[in-house]
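> First the structure, which I've put down as structure tokens, then a few questions once you've had a look.
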Amino acid sequence: MRQAELLIIGGGPAGLCAAISAAKSGAKVLIIERNKYLGGQLVKQTHMFFGSEKQYASTRGIDITEILLNELDKYKENVEILADTTVVGMYEDGIITALYKEDDFFKISAKAVVVATGAFEKSLAFPNNDLPGIYGAGAVQTLMNVHGVKPGNKVLMVGAGNIGLIVSYQLMQAGVEVVAILDAASKIGGYLVHASKIRRMGVPILTSYTVKEAIGKDFIEKAVICQVDDKFQPIEGTEKEFDVDVMCISVGLTPLNELLAMRGCQMKYVPQLSGFVPLRNENYETTIENIFAAGDTTGVEEASAAMVEGYLAGLCAAAKIGYKTDDFDERKNDFVKQLDALRSGPVGKHILSGIEQIVV
Amino acid sequence: MFEKTGIPSKEMVMGKFPSIERINKGPVAVIECYKEIPCNPCETACKFDAINIGEDINTIPAVTSDNCTGCAICLTKCPGLAIMIVDGSKSETTVLIKIPYEFLPLPKVGDTVMGLDREGRHITDVKIVGVLNPKSFDRTPIVTVEAGRKYLYDLRNIKVEAK
């Protein structure tokens with residue numbers, strides 16, 4: 001069995017920041033990351049971040065990974081990284097199981113754990129939604145921005161949240177035509193600056209529309225959409241057709257919470273946080289002692305918030321296992337203030353109304 | 001409608017422009033940030049105290065046009081690409097408009113390209129009079145276009161046809 005002081009599950013924005021914070025406090029950190037590389041979703045985010053200077057605003061996500069890895073490197077004597085490794089179980093007796101590549105199975109025991117597993121894309125039910133050419137928007141972003149592969153030539157984007165809007169823009173940057181962006185909601189969900197930026201390139205944004213069906217034999221050739229009423233019911237006779245070879249589904253994310261649930265952490269369904277999330281205290285410790293959680297797995301938000309949550313959870317987890325530094329209060333207050341600032345606007349109010357339900 | 005379409009109304013747009021007298025004096029920033037989001041890099045980037053957001057980073061930026069030099073640093077720092085610089089001091093018949101443009105091919109000085117409005121409609125042709133893409137702009141090039149004066153409040157984008 002492998003021993004770890006502080007195990008961090010997930011090397012995305014929240015996990016990396018948790019690792020930096022904890023390693024800076026002096027804790028020995030083990031990061032386990034499922035992918036071959038660290039950075040999580042940052043590695044495909046070619047757009048500039050919102051927020052303020054402390055959350056790397058105006059810096060592109062792809063460059064934030066580099067900044068975080070350089071920061072982590074300052075404490076390298078305290079950091080061990082296991083990439084290409086998936087944590088597959090967290091058991092009641094504290095044993096954690098992991099799989100390196102495909103067949104190297106091993107067990108870990110840790111004094112404390114920060115679960116920073118992120119979120120996954122939701123799907124949408126409609127006839128023929130399994131035709132090739134119908135992707136999650138995140139998958140398309142990975143294909144384009146990580147692997148340099150164009151997904152097709154004409155895209156219909158389903159979902160006008162930030163991911164749908166951003167991926168549409170990046171598709172156009174890659175020379176792909178976006179025929180329209182639709183959303184069942186009556187208002188655009190993403191930041192309106194993103195929406196305006198795409199609209200002024202001539203792409204229509206169709207609110208109160210949903211997908212009726214996809215048509216095609218071996219792959220998608222046509223998409224049929226229709227208007228919905230205020231109860232999200234299709235309105236007959238409002239159909240529109242688009243000849244497309246790609247449809248991107250971007251209807252939101254939901255927290256990737258299986259490990260926390262398996263471990264026995266108390267979970268609660270909170271719509272404002274986009275799914276089942278763990279109950280936690282203000283230090284991001286769940287209802288099971290020494291199991292912390294941070295980032296999208298505690299509620300879907302922008303990556304800026306995930307990073308600050310990671311810093312805070314890493315700081316508190318390290319303190320809990322004996323690495324409470326003299327400047328603990330100062331650092332903690334700084335992170336709390338940053339989160340308050342990020343959440344003080346209209347979008348943040350919605351998130352806060354969810355967080356109120358899970359902080360115990 | 002804005003929240004349904006992403007197209008700001010004429011009134012919303014006009015509310016962001018300084019007076020024509022100010023525009024005729026020289027370059028000045030127009031920040032088309034209409035909705036509160038947690039973001040303040042424009043304020044951080046401005047060295048002339050011309051952009052104010054304050055303690056609450058969700059506040060919509062306020063431009064003090066008298067302090068603005070039109071330096072355009074904020075253009076490249078705005079994650080929403082919501083800022084442009086307008087300058088009516090060079091000619092009585094045309095205006096210069098600086099916009100961020102993150103697409104390839106980049107236009108070249110002297111090119112004539114399509115000028116688009118906030119809905120992406122081709123409203124006029126514009127002449128490219130400047131293209132800046134230094135490392136400090138971090139892959140957000142700034143293109144300066146010269147457009148007829150009557151398009152001052154409508155022109156917001158360009159389209160460059162690949163050759």
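The values are calculated or read from the model by the stated rules, or taken from the named source; none is laboratory data. A quick note: this is a predicted structure, and the numbers were derived from the prediction, not measured. Cβ sites come from the backbone with ideal geometry, for glycine too, and all protein chains shown count toward neighbours. When the accessible area is computed, the model is the full protein with side chains, heavy atoms only, and any ligands, DNA or RNA have been set aside. Shrake-Rupley method; radii C 1.70, N 1.55, O 1.52, S 1.80 Å.
> Looking at (1) in a loop (DSSP other than H, G, I, E, B); (2) touching a residue at least 40 places away in the same chain (Cβ under 8 Å); (3) in contact with a Gly (Cβ under 9 Å, 6 or more places away or on another chain); (4) closer than 18 Å to residue A:173 by Cβ, can you tell me which one residue B:155 breaks?
Going through the list (1) in a loop (DSSP other than H, G, I, E, B); (2) touching a residue at least 40 places away in the same chain (Cβ under 8 Å); (3) in contact with a Gly (Cβ under 9 Å, 6 or more places away or on another chain); (4) closer than 18 Å to residue A:173 by Cβ, residue B:155 breaks only (4).
> Any residue that is open to solvent by less than 20 Å² (accessible area, probe 1.4 Å), facing another protein chain (nearest Cβ under 9 Å), modelled with pLDDT of 95 or more and touching a strand residue (DSSP E or B) at 6+ places or on another chain (Cβ under 6 Å) - is there at least one of those in segment A:157-170?
Within segment A:157-170, one or more residues are open to solvent by less than 20 Å² (accessible area, probe 1.4 Å), facing another protein chain (nearest Cβ under 9 Å), modelled with pLDDT of 95 or more and touching a strand residue (DSSP E or B) at 6+ places or on another chain (Cβ under 6 Å).
> Now a separate question. Which residues, counting only those in segment A:171-215, are more than 8 Å from chain B (Cβ to nearest Cβ) and of a type in the set (D, E, K, R)?
Listed by number, the residues that qualify are A:177, A:183, A:212, A:213.
Listed here are the residues, each with its yes/no results for (1) open to solvent by 10 Å² or more (accessible area, probe 1.4 Å); (2) assigned to a helix (DSSP H, G or I).
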residue: B:75; (1), (2): no, yes
residue: B:86; (1), (2): no, no
residue: B:97; (1), (2): no, no
residue: B:103; (1), (2): yes, no
residue: B:109; (1), (2): yes, no
residue: B:114; (1), (2): yes, no
residue: B:119; (1), (2): yes, no
residue: B:128; (1), (2): no, no
residue: B:139; (1), (2): yes, no
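> Taking segment B:107-121, which residues are more than 9 Å from every other protein chain (Cβ to nearest Cβ) and either of a type in the set (Asp, Glu) or out of contact with any strand residue (DSSP E or B) (no Cβ under 6 Å at 6 or more places or on another chain) (or both)?
B:108, B:110, B:111
> Could you say which residue among B:124, B:69, B:140 is hydroxyl-bearing (Ser, Thr, Tyr) and at the interface with chain A (Cβ under 10 Å from one of its Cβ atoms)?
Step by step, each of B:124, B:69, B:140 is checked, and only B:140 is hydroxyl-bearing (Ser, Thr, Tyr) and at the interface with chain A (Cβ under 10 Å from one of its Cβ atoms).
> Quickly run through segment A:48-62 and pick out the residues that are of a type in the set (A, V, I, L, M) and either open to solvent by less than 20 Å² (accessible area, probe 1.4 Å) or facing chain B (nearest Cβ under 7 Å) (or both).
Going residue by residue through segment A:48-62, those that are of a type in the set (A, V, I, L, M) are A:48, A:57, A:62.
Answer for segment A:48-62, where residues must be of a type in the set (A, V, I, L, M) and either open to solvent by less than 20 Å² (accessible area, probe 1.4 Å) or facing chain B (nearest Cβ under 7 Å) (or both): A:48, A:57.
> If you don't mind, another one. Is it the case, given these coordinates, that residue B:60 is closer than 28 Å to residue A:340 by Cβ, over 14 Å from the mean Cα position of the chain (by Cα) and without any contact (Cβ under 8 Å) to a residue 60 or more places away in the chain?
Taking the combined requirement at face value, the residue satisfies it.
> Starting from segment A:235-254, take each residue that is basic (Lys, Arg) and open to solvent by 10 Å² or more (accessible area, probe 1.4 Å) and list its partners that are in a strand (DSSP E or B) and at pLDDT 95 or above, counting only C-beta distances under 6 angstrom and pairs at least six apart or across chains.
A:240/A:225
> Suppose we filter segment A:111-137 for residues that are open to solvent by less than 30 Å² (accessible area, probe 1.4 Å) and farther than 27 Å from residue A:164 by Cα; how many remain?
Final tally of qualifying residues: 3.
> Going by what's in this entry, would residue A:138 be described as assigned by TED's automatic domain parsing to the domain that holds residue A:221, in contact (Cβ under 8 Å) with a residue 60 or more places away in the chain and in contact with a Ser or Thr (Cβ under 6 Å, 6 or more places away or on another chain)?
no
> Does segment A:317-338 contain any residue that is within 14 Å of another protein chain (Cβ to nearest Cβ), touching a helix residue (DSSP H, G or I) at 6+ places or on another chain (Cβ under 9 Å) and either open to solvent by 40 Å² or more (accessible area, probe 1.4 Å) or in a helix (DSSP H, G or I) (or both)?
The answer is yes, given that some residue of segment A:317-338 is within 14 Å of another protein chain (Cβ to nearest Cβ), touching a helix residue (DSSP H, G or I) at 6+ places or on another chain (Cβ under 9 Å) and either open to solvent by 40 Å² or more (accessible area, probe 1.4 Å) or in a helix (DSSP H, G or I) (or both).
> Do any strands (runs of 3 or more DSSP E) entirely within segment A:102-151 hold 3 or more residues that are out of contact with any Gly (no Cβ under 8 Å at 6 or more places or on another chain), and if so, which?
Qualifying strands (runs of 3 or more DSSP E): A:104-115, A:134-136.
> Please work out if residue A:342 is within 14 Å of another protein chain (Cβ to nearest Cβ), crowded, with 20+ Cβ neighbours inside 10 Å and farther than 22 Å from residue A:25 by Cβ. Lay out the reasoning, then the answer.
On the way: within 14 Å of another protein chain (Cβ to nearest Cβ): yes; crowded, with 20+ Cβ neighbours inside 10 Å: yes; farther than 22 Å from residue A:25 by Cβ: yes.
Taking the combined requirement at face value, the residue satisfies it.
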